[in-house]
Amino acid sequence: MSRNTIARIDLSAIRANLARIRSMVGSSRVACVVKADAYGHGLSNIVPALHDADVLAVATVGEAERCRQYGWSGRLLMLEGPANADEIRAACEHRCELVIHHASQLKLLERAPRLPQGPYWLKLDSGMHRLGFPTDQVGTVHAALRRVSGDQPVILMSHFACADDPANPMTQEQLARFDRAVNGFEGEVSLANSAAVMNFPASHRDIVRPGIMLYGVSPRAGQPVASLGLKPAMTLQAELVAINQVARGEPVGYGAEQRCPRDMPVGVAAIGYGDGYPRGLRQGAPVLINGRRAGLIGPVSMDLTTIDLSDHPEASVGDTVTLWGEGLPVEELATWANAIPYELICGVTARVHMQVLPEFIS
Ligand SMILES: *Cc1c(COP(=O)(O)O)cnc(C)c1O
């Protein structure tokens with residue numbers, strides 16, 4: 001028996017979001033990003049629902065192996081590329097395409113007894129300065145990659161730093177720097193994450209790489225995905241396990257710092273930072289009680305969270321509390337936790353029971 005702390009995963013939403021992404025990007029192919037356990041949605045749940053993706057993209061070899069285990073037989077891309085010889089061996093075994101972003105990886109390829117099939121994804125640094133070769137080295141590294149890979153096709157790629165802000169000129173600058181660098185090279189091009197899919201159609205090119213929007217979440221608050229026709233795939237819920245009357249001026253929870261501004265019923269929900277509900281949430285952060293809003297009072301603890309039920313006289317023990325998802329966007333909650341929505345959905349822990357709503361069969 002487990003407590004009713006659940007992440008409901010709606011596979012119809014995933015299907016609908018992929019269809020919506022396809023309608024936004026026209027003929028570009030879609031590499032669905034499923035790293036970090038499909039952004040906390042459970043790789044084993046999500047992989048079968050993405051059976052018609054063009055590519056699945058993961059960060060690590062372990063994630064690639066699990067995609068194969070869950071039945072994915074299509075193209076598989078390892079976004080970080082190989083870190084050592086073992087990872088190249090594993091990439092061969094699991095038929096992974098590799099990103100090559102650093103000279104050390106070219107050396108690994110050179111020394112490897114066996115290499116995975118191409119294409120190889122050559123990553124250029126167009127200005128983010130995290131991973132990628134400097135754009136002025138594209139000629140030499142492209143030639144080197146072709147040589148060590150036995151003339152496998154090369155896909156040229158880069159990544160944006162600020163595409164979540166449509167007004168930021170940096171994305172156009174990165175795009176222009178990339179285009180100047182790859183001018184004259186044959187092969188496909190891939191640039192766009194979710195934010196660029198949403199905000200910069202000129203970046204869609206041959207293959208887009210959406211992650212967060214596939215799960216129905218916007219890269220940041222203030223750009224609601226509902227207006228784009230995307231639907232959140234995860235709803236995090238818990239139960240009220242107690243309701244206690246607390247007098248005005250009395251403290252609630254650890255530290256005894258936050259005090260009741262009036263006599264009030266305080267509800268206790270069976271969820272805390274041990275489940276991935278962030279401890280950084282500020283007082284007043286919203287939850288839904290039976291579909292209506294209430295606010296936190298007192299700090300989130302490991303297993304429990306306390307809620308001001310002043311406006312919910314009808315609430316009773318056993319009622320459902322929604323922490324985020326349907327009716328309460330995780331993007332909004334993230335702003336109350338000084339976090340980004342990615343952190344919240346990726347942070348749901350193994351203690352939370354996943355309840356999978358199947359795709360509608362149509
Ligand atoms: C994670 C990742 C993506 C997906 O990013 P979202 O913002 O979730 O759409 C795309 N490309 C690369 C290289 C990534 O690491």
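The values are calculated or read from the model by the stated rules, or taken from the named source; none is laboratory data. Predicted, not measured: the structure shown is a model, and the values here were computed from it. Reconstructed Cβ throughout: ideal geometry from the backbone, glycine too, with neighbour counts over all protein chains shown. The accessibility values were calculated without ligands, DNA or RNA, using every heavy atom of the protein model including side chains. Shrake-Rupley method; radii C 1.70, N 1.55, O 1.52, S 1.80 Å.
Counting the residues of segment 61-96 that are within 13 Å of the ligand (Cβ to nearest atom) and either charged (D, E, K, R) or open to solvent by 60 Å² or more (accessible area, probe 1.4 Å) (or both) gives 2. Can you confirm whether Ala49 is away from the ligand (no atom under 16 Å from the Cβ), under 19 Å from the mean Cα position of the chain (by Cα) and not charged (D, E, K, R)? Answer is yes for this residue.
Is there a residue being free of Cβ contacts under 8 Å to residues at least 40 places away in the same chain and in a helix (DSSP H, G or I) anywhere in segment 238-245? Within segment 238-245, none of the residues are free of Cβ contacts under 8 Å to residues at least 40 places away in the same chain and in a helix (DSSP H, G or I).
For segment 295-310, the set of residues classified as assigned to a loop (DSSP other than H, G, I, E, B) and of a type outside the set (A, V, I, L, M, F, W, C) consists of Gly298, Pro299, Ser301, Asp303, Ser310, listed by residue number. Output yes when any residue across segment 182-199 is away from the ligand (no atom under 16 Å from the Cβ), open to solvent by 10 Å² or more (accessible area, probe 1.4 Å), in the same structural domain as Lys123 (by TED's automatic domain parsing) and among the charged types (D, E, K, R), and no when none is. Checked segment 182-199: at least one residue is away from the ligand (no atom under 16 Å from the Cβ), open to solvent by 10 Å² or more (accessible area, probe 1.4 Å), in the same structural domain as Lys123 (by TED's automatic domain parsing) and among the charged types (D, E, K, R). Tally the residues that are open to solvent by less than 20 Å² (accessible area, probe 1.4 Å) and either under 30 Å from the mean Cα position of the chain (by Cα) or of a type outside the set (S, T, N, Q) (or both), restricting the search to segment 143-153. Selection size over segment 143-153: 2. Leu175 meets all of the listed conditions (1) assigned to a helix (DSSP H, G or I); (2) away from the ligand (no atom under 16 Å from the Cβ); (3) surrounded by 14 or more Cβ atoms within 10 Å (Cβ to Cβ); (4) touching a residue at least 12 places away in the same chain (Cβ under 8 Å) but one, namely (2). Considering segment 101-142, and only residues there that are of a type in the set (A, V, I, L, M) and within 22 Å of the chain's Cα centre (by Cα), the residue that is farthest from Ala161 (Cα to Cα) turns out to be Leu131. Every condition in (1) within 30 Å of Gln355 (Cα to Cα); (2) more than 16 Å from the ligand (Cβ to nearest atom) holds for Arg220 except the one numbered (2).
Identify the residue in segment 337-357 that is of a type outside the set (A, V, I, L, M), more than 16 Å from the ligand (Cβ to nearest atom) and touching a helix residue (DSSP H, G or I) at 6+ places or on another chain (Cβ under 8 Å) and, among all such residues, is least open to solvent (accessible area, probe 1.4 Å).
Within segment 337-357, the subset of a type outside the set (A, V, I, L, M) is 338, 341-343, 346-347, 349, 351, 353, 355.
Right, trim to more than 16 Å from the ligand (Cβ to nearest atom) and you get 338, 349, 351, 353, 355.
If we keep only those that are touching a helix residue (DSSP H, G or I) at 6+ places or on another chain (Cβ under 8 Å) too, we end up with 349, 351.
Details: Thr349: 49, Arg351: 110 Å².
So, considering only residues that are of a type outside the set (A, V, I, L, M), more than 16 Å from the ligand (Cβ to nearest atom) and touching a helix residue (DSSP H, G or I) at 6+ places or on another chain (Cβ under 8 Å), the one least open to solvent (accessible area, probe 1.4 Å) is Thr349.
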